[in-house]
Amino acid sequence: MTLAQGVSGGNPTLNISIFAAFVVITLVVVFRASRNQRTAADYYAAGRAFTGAQNGIAISGDYLSAASFLGIAGLIALNGYDGFLYSIGFLVAWLVALLLVAELLRNTGKYTMGDVLAFRMRQRPVR
């Protein structure tokens, strides 16, 4: 017996229209935000218009995604204490990434690892 026996597929037209609405809303938000961006610095750093609190919320929202929470909740549900320890490892890995990668990116003035590699090495082979 499977758990999904009682779940029907739903209305495909409704499913596609909801998906299309999300795509349209996302495109509208991106288009409106892109009108103010002229350079790479404007794009990556939002024109330096964010406050520290807004930047902290953006970083935590990027890192603490729904997939992370659902994955860790599933691990805890399936594995108990071992799953909880995995979530602690997830947090420690984030701190290590901040210490090792973020400082180097800030020092070079670049925004992505590809930009840092192109800056530190010969650009053509990296690209």
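The values are calculated or read from the model by the stated rules, or taken from the named source; none is laboratory data. Predicted model only: the values in this text are computed from it and were never measured. Every residue, glycine among them, receives a Cβ derived from its backbone with ideal geometry; neighbour counts consider all protein chains shown. Just so you know, the surface numbers come from the protein's heavy atoms only, side chains and all, with ligands and any DNA or RNA stripped out. Shrake-Rupley method; radii C 1.70, N 1.55, O 1.52, S 1.80 Å.
Worth a mention:
- Cβ pairs under 9 Å, 6+ apart, first in the stretch 60-86 and within 18 Å of Ala97 (Cβ to Cβ), second β-branched (Val, Ile, Thr): Tyr86/Ile72; Tyr86/Ile76
- Scanning the stretch 91-121 for residues that are charged (D, E, K, R) and touching a residue at least 60 places away in the same chain (Cβ under 8 Å) turns up nothing.
- Contact map, the stretch 35-53: residues that are over 13 Å from Lys110 (Cβ atoms) and free of Cβ contacts under 8 Å to residues at least 40 places away in the same chain paired with residues that are among the charged types (D, E, K, R) and open to solvent by 70 Å² or more (accessible area, probe 1.4 Å), Cβ distance under 7 Å, separation 6+ or inter-chain. No pairs are found.
- When Thr2 is tested against the conditions (1) of a type outside the set (Gly, Ala, Ser); (2) surrounded by fewer than 10 Cβ atoms within 10 Å (Cβ to Cβ); (3) at pLDDT 85 or above; (4) under 30 Å from Ser87 (Cβ atoms), the lone failure is (3).
Residue-by-condition table, conditions (1) over 26 Å from Gly114 (Cβ atoms); (2) at pLDDT 75 or above; (3) open to solvent by 80 Å² or more (accessible area, probe 1.4 Å); (4) in contact with a helix residue (DSSP H, G or I) (Cβ under 9 Å, 6 or more places away or on another chain):
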position: Asn36; (1), (2), (3), (4): no, no, yes, yes
position: Ala40; (1), (2), (3), (4): no, no, no, yes
position: Phe69; (1), (2), (3), (4): yes, yes, yes, no
position: Ile76; (1), (2), (3), (4): yes, yes, no, yes
position: Gly80; (1), (2), (3), (4): yes, yes, no, no
position: Tyr86; (1), (2), (3), (4): yes, yes, yes, yes
position: Gly89; (1), (2), (3), (4): yes, yes, no, no
position: Leu99; (1), (2), (3), (4): no, yes, yes, no
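- Residues (more than 19 Å from the chain's Cα centre (by Cα), more than 15 Å from Tyr43 (Cβ to Cβ) and not hydroxyl-bearing (Ser, Thr, Tyr)) located in the stretch 107-119: Asn107, Val116, Leu117, Ala118, Phe119
- Of residues in the stretch 7-17 being hydrophobic (A, V, I, L, M, F, W, C) and loosely packed, with under 10 Cβ neighbours inside 10 Å, the one farthest from Lys110 (Cα to Cα): Val7
- Residue match in the stretch 54-64 (condition: in a helix (DSSP H, G or I), surrounded by 13 or more Cβ atoms within 10 Å (Cβ to Cβ) and under 22 Å from the mean Cα position of the chain (by Cα)): yes
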